[in-house]
Amino acid sequence: MSRDGDIKTFSWHVPETVVTGPGSMKETGSLAQGMMRHPLVITGPHLFKAGIIAPVLDSLETAGLVYAVFHETESDPSIETVEKIRDMYEKHACDGLIAAGGGSVLDAAKAAAVLITQGGRLQDYEGAGKVSAFSLPMMAIPATAGTGSEVTPFAVISDHARQVKMTISSLHLIPQTVILDPDLLKGIPSGLAAATGMDALIHALEAFVSRYADFVSDAFAREALKKIGGSLERFVSTGDEKAAVDMLEGSFLAGCAFSLARLGLVHALSHPLSAHYGIPHGTANALLLPHIVRFNQKDAAEKYKEAAVLVGADEGTAFADWIADLNRRLGIEMKWTICQEDLPVLVRDALVSGNVQANPRLADKTEIETIYHCLI
């Protein structure tokens, strides 16, 4: 006979197919054949113009698939961009989506899938539980090792009218097929590699210390922390292929972890910084992390101690201090001026995030303002 509190129930969802390794994007056409006949490929301007995703397009042609390409996805995609993707999809009578790019591209594609299948305004689906099941096939090919969007049920889209980043959450947004190809990461600028890599590290760390963590999310988070901690600096400094594979796989695992356990104060506080000041998401996360680790320390001491070992932090150094030094080594620094008078708005927008509740230490309005003040 079980005692009250002994039984826990949880569910987890991952893509049906994951292909990983150098050159794996050349398999896109053969993988897409059984899913769609006329895909819309969604990417960003640089990846398209530089020919970086050419192997993806070539493979579709070899497979005899007629495709259209949307290549105007910007960083932190807007509602307007998502609407343009929907319009192109409908104009070309497409029957599936292939997103090849960074987290912004993947999020835009997932949000477009909502508009294509559900109709209405994107704002109508903000939050969780508002997206009905749909059968639109989706493939994700991440071109950065950081967001984990290829495996998560979230899409983050900028609503410029409200100056907020809105999140749509639904298990139906998880792509069926994922390709992890380090060739897509070749030539990535070191600053972008650092910011997205820290984003992946923070996904794993916040999931690991989350109030909603369980033994499955912890398993994903531990492996992610090992892979990312052992490869991040080498990847940023050299672009080494083995490090790129570890970063892609670590980012994927971190996405699995936080899909189950949610994130914490770092993400709750970073979204308003990006929305109001244009600070890149991964950079905002990295800048906040040392301060929030200090804030959480007493409530997550054992998990932080284990995480420090997993990422290879220096023994005898406080974890928050080691993270601050890691930011310095990666070239991540505060280059924006946060205005004192903006703090009430930043705090208000941070408190709206459900991630506040997942943080190991609950924070009130005054405590969140104090953390923001550390960046001034």
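The values are calculated or read from the model by the stated rules, or taken from the named source; none is laboratory data. Keep in mind the model is a prediction, meaning the values are calculated, not measured. Quick reminder, even Gly has a Cβ in these numbers, built from the backbone with ideal geometry, and neighbours come from all protein chains shown. Quick note on the areas: whole protein, heavy atoms, side chains included, nothing else; ligands and nucleic acids left out. Shrake-Rupley method; radii C 1.70, N 1.55, O 1.52, S 1.80 Å.
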On the given criteria, is Asp199 open to solvent by less than 10 Å² (accessible area, probe 1.4 Å), charged (D, E, K, R) and either at pLDDT below 95 or farther than 21 Å from Glu74 by Cα (or both)?
-> no
Which numbered condition Glu72 fails, given (1) open to solvent by 90 Å² or more (accessible area, probe 1.4 Å); (2) over 27 Å from the mean Cα position of the chain (by Cα); (3) at pLDDT 90 or above | (2)
Across (1) outside any strand (DSSP E or B); (2) under 13 Å from the mean Cα position of the chain (by Cα), Pro175 clears everything bar (2)
Take Val66 and decide whether it is open to solvent by 10 Å² or more (accessible area, probe 1.4 Å) and within 27 Å of Lys242 (Cα to Cα).
-> no
Exactly one of (1) within 21 Å of Thr196 (Cα to Cα); (2) open to solvent by less than 20 Å² (accessible area, probe 1.4 Å) is unmet by Val56. Its number?
-> (1)
Mind counting the residues in segment 321-349 that are in contact with a Phe, Trp or Tyr (Cβ under 8 Å, 6 or more places away or on another chain) and closer than 22 Å to Phe154 by Cβ?
-> 1
Having 3 or more residues that are in contact with a Lys or Arg (Cβ under 8 Å, 6 or more places away or on another chain) is the bar; report the strands (runs of 3 or more DSSP E) wholly within segment 80-171 that clear it.
-> 154-159
For residues that are of a type in the set (S, T, N, Q) and either at pLDDT 95 or above or open to solvent by 70 Å² or more (accessible area, probe 1.4 Å) (or both), tally how many sit in segment 347-376.
-> 4
Scanning segment 106-137 for residues that are open to solvent by 10 Å² or more (accessible area, probe 1.4 Å) and of a type in the set (A, V, I, L, M), which turns out farthest from Glu80 (Cα to Cα)?
-> Ala133
The number of residues in segment 3-49 that are under 24 Å from the mean Cα position of the chain (by Cα), in a loop (DSSP other than H, G, I, E, B) and either touching a residue at least 40 places away in the same chain (Cβ under 8 Å) or surrounded by 13 or more Cβ atoms within 10 Å (Cβ to Cβ) (or both) is 11
Would you be able to tell me the number of residues in segment 289-337 that are in contact with a Lys or Arg (Cβ under 6 Å, 6 or more places away or on another chain) and farther than 20 Å from Ala200 by Cα?
-> 1
If you scan segment 66-75, which residues turn out to be part of a loop (DSSP other than H, G, I, E, B) and in contact with a helix residue (DSSP H, G or I) (Cβ under 6 Å, 6 or more places away or on another chain)?
-> Tyr67, His71, Thr73, Ser75
